[in-house]
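These notes concern the structure reproduced below.
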Amino acid sequence: MNLLALLLMACLGAWAFWSGRSRAIAVVEGRIFDLHSLPNYHGFFVAICAVLPPAFILLLLLAWGASGPLGSGLSPAPMAAVLVVALVAVLLVRRRVSVDLQARIWVEGAVQVSLMACSAVAIFVTIGIVLSLAFEAYRFFTLVPLSDFLFGLHWSPQTALRADQVGSSGSFGAVPVFTGTLLITGIAMTVAVPTGLFSAIYLSEFAGPLARAILKPLLEILAGVPTVVYGFFAALTVGPFFRDAGAVFGLSVASESALAAGAIMGVMIIPFVSSLSDDVIRAVPQSLREASLAMGATEAETIRQVVLPAALPGIASAVLLALSRAIGETMIVVMAAGLAANLTANPLEAVTTVTVQIVTLLVGDQEFDSAKTLAVFALGLVLFFVTLFLNVVALMIVRKYREKYD
């Protein structure tokens, strides 16, 4: 019934548009240039004024009916009443269509208001996220000192059941978590940046049309593979491979290691670097290449000294976007790197990351009144500021170098 009501409102909106447009053409007897606004604007004017308010009311009634005393839906009577009101509104608003009606101004104003509303929603959602993280993180820091969290070397948030047990109050030194995040991210970027950048250079500067048409879509398929698939591949194939290869050389490699997780994560984010870098390299004006070649530079020198510096803002943005993606990845690390919060720089050992700890601490029914569960908000707040810093750096790089090559 609810879906039927929404479909009827959509059909009513389409009819309102057609009715308003036809009315505008009929008023001037087909001489549409006599109108202040084009007929389509009159159609949108009727649809907006007559259908959107009743449609908004209907959505509110449907939402209230789904969660209020009406149970799982809204009875037919209120829906029928709203549809009748919308139909009457269409007929009344249609009568306002005239030669001098400034429909275009009304419609464009409504569009502007809707765009502002959408922007406001994005802003308020961001503010709400920050405030919720900050509030809960403040509660956490009332239980655990900030210095212990930022500089502590032992992470063991699993509080004991008895007071006489070791670590009964938990240990929330996040340095091992941050170190694991940086280690896996560094390995991933070591794999993704050179591979993605060199792929972009080849596709944009050397590959023929046929090779580009085949290789670029195949490379971008990597971005569509679910991360859990990468995690399975890392846990079942890459991890054991590194372990067996390490044994050949006398190295002790854990089955779940930072190397396995970072390598597969790097493969996953190659399309972020490659695709965006390819687009910005191809956007470099051809005149710059021709001028460099005309001065006697080789093709390699032109790419290295002209094309890449001109495309630097876009390449830097692609790298920082891939970096943010690597920092926020969870599934691959859970399945390939483990949950152990080891303070180590050895990529052959198991480590954990911020996002993995957030997921781990929130598994199951949790009460947000202990340091264990509140710690996830402190971790989330740190992760938020890290990604914000990366975005700011990307904007600074773009602004600094874009003017140079405009």
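In region 316-345, how many residues are part of a helix (DSSP H, G or I) and open to solvent by less than 10 Å² (accessible area, probe 1.4 Å)? Lay out the reasoning, then the answer.
Initially, region 316-345 is screened for residues part of a helix (DSSP H, G or I), giving 316-327, 331-336.
Subset that is open to solvent by less than 10 Å² (accessible area, probe 1.4 Å): 318, 322, 326, 332-333, 336.
Residues in region 316-345 being part of a helix (DSSP H, G or I) and open to solvent by less than 10 Å² (accessible area, probe 1.4 Å): 6 in total.
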Quick one: which residue in V354, V333, V319 is within 16 Å of H154 (Cα to Cα) and within 22 Å of the chain's Cα centre (by Cα)?
V354
Looking for whichever is closer than 24 Å to N391 by Cβ, over 27 Å from the mean Cα position of the chain (by Cα) and either part of a helix (DSSP H, G or I) or not small (G, A, S) (or both) here; the options are P313, P271, P309. Which one fits?
P309
Among (1) open to solvent by less than 80 Å² (accessible area, probe 1.4 Å); (2) without any contact (Cβ under 8 Å) to a residue 24 or more places away in the chain, there is one condition F124 misses while meeting the rest; what is its number?
(1)
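Grab the helices (runs of 4 or more DSSP H) fully contained in region 1-97, keeping just those with 2 or more residues being more than 40 Å from the chain's Cα centre (by Cα) and at pLDDT 85 or above.
On the way: elements: 2-27, 39-67, 76-94.
Filter on region 1-97 gives 2-27.
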Looking only at region 387-406, and only at residues there that are over 30 Å from G152 (Cα atoms) and not aliphatic (A, V, I, L, M), the one that is modelled with the highest pLDDT:
R399
All but one of (1) aliphatic (A, V, I, L, M); (2) in contact (Cβ under 8 Å) with a residue 60 or more places away in the chain; (3) surrounded by fewer than 19 Cβ atoms within 10 Å (Cβ to Cβ); (4) touching a helix residue (DSSP H, G or I) at 6+ places or on another chain (Cβ under 6 Å) hold for M9, so report the exception by its number.
(3)
How about region 264-273: which of its residues are modelled with pLDDT of 90 or more and open to solvent by 20 Å² or more (accessible area, probe 1.4 Å)?
V267
Go through region 346-386 and report how many residues are at pLDDT 85 or above, open to solvent by 10 Å² or more (accessible area, probe 1.4 Å) and not in a helix (DSSP H, G or I).
5
Touching a residue at least 60 places away in the same chain (Cβ under 8 Å), among the hydroxyl-bearing types (S, T, Y) and closer than 14 Å to S204 by Cβ, is that true of S317?
no
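If you take the residues of region 98-131 that are among the polar types (S, T, N, Q) and farther than 30 Å from A378 by Cα, which of them is modelled with the highest pLDDT?
Initially, region 98-131 is screened for residues among the polar types (S, T, N, Q), giving 98, 102, 112, 114, 119, 126.
Filter once more, so that each one left must be farther than 30 Å from A378 by Cα: 98, 102, 112, 114.
Working: S98: 85, Q102: 87, Q112: 92, S114: 89.
If we take residues in region 98-131 being among the polar types (S, T, N, Q) and farther than 30 Å from A378 by Cα, then Q112 is modelled with the highest pLDDT.
Scan region 274-302 for residues that are of a type in the set (G, A, S), open to solvent by 10 Å² or more (accessible area, probe 1.4 Å) and in a helix (DSSP H, G or I) and jot them down.
Of the residues in region 274-302, the ones of a type in the set (G, A, S) are 274-275, 277, 283, 287, 291-292, 294, 296-297, 300.
Going one step further and asking which of them are open to solvent by 10 Å² or more (accessible area, probe 1.4 Å), we end up with 275, 283, 287, 291-292, 294, 296-297, 300.
Residues satisfying the conditions are S275, S287, A291, S292, A294, A300.
The values are calculated or read from the model by the stated rules, or taken from the named source; none is laboratory data. These numbers come from a predicted model, not from an experiment. Quick reminder, even Gly has a Cβ in these numbers, built from the backbone with ideal geometry, and neighbours come from all protein chains shown. Note: areas computed on protein heavy atoms with side chains; ligands, DNA, RNA excluded. Shrake-Rupley method; radii C 1.70, N 1.55, O 1.52, S 1.80 Å.
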